[in-house]
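This report refers to the structure that appears directly beneath it.
No value in this document is a laboratory result; all are computed from the given coordinates. Here the structure is a predicted model, which is why all the values come from computation and not from measurement. Cβ: placed from backbone, ideal geometry, glycine included. Neighbour counts: every protein chain shown.
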Amino acid sequence: MSYSLARIQEWADIILNFVKENGLEDSVMTVEEIRSGIESRGTDLYGIDRTVLMRALKHLEHKGKLAIFKGTSTDDEGIKFSI
């Protein structure tokens, strides 16, 4: 399944709104927390396809909005927001 850059930008915007609405601007979260954490319940991010999420996160990293750092496994990948 391919995702257009426009669609990835839409997801990136959803992630930024999620971060701002939850006061997470200077927080660290794991990728799994974004996909299935308490804060994401009831949002478009809950249960998002991991590949789509990672593409949107990498897009935001490229724009300087966050940093992705490796954990001990792919489930531990961390995201440090700097919005």
### Summary
Taking a straight Cα-to-Cα line shorter than 17 Å from Lys70, and setting aside same-chain lysines fewer than 8 residues away, one finds Lys58, Lys80
### Query
Using 1/(1 + (r/R0)^6) with R0 = 22 angstrom and r between the beta carbons of Lys63 and Thr43, what's the FRET efficiency to the nearest 0.05?
0.55
## Note on the structure
Neighbours of Ser82 by Cβ distance under 13 Å: Lys/Arg at +1, Asp/Glu at -1, summed charge +1
### Summary
Looking only at aspartates and glutamates whose Cα falls under 18 Å of Lys63's and that sit 8 or more positions away or on another chain, we get Glu10, Asp13, Glu25, Asp26
### Extent along principal axes [Cα atoms of the chain; Å; largest to smallest]
29, 28, 26
### Task
Using label points projected 7 Å from each Cα along Cα→Cβ, tell me how many nm separate Ala6 and Glu33, to one decimal.
3.4
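Only Cα pairs under 8 Å and at least 6 apart count here; give the relative contact order of the chain as a rounded whole percent. Before the final figure, lay out the partial values.
Numbers: 96 pairs, mean separation 29.5, N = 83.
It rounds to 35 percent for the chain.
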### Task
Only helical DSSP H runs with n ≥ 4 go in: add -39500 (n - 2.57) per run for the chain, normalise by residue count and round the 222 nm mean residue ellipticity to 500 deg cm²/dmol.
-13500 deg cm²/dmol
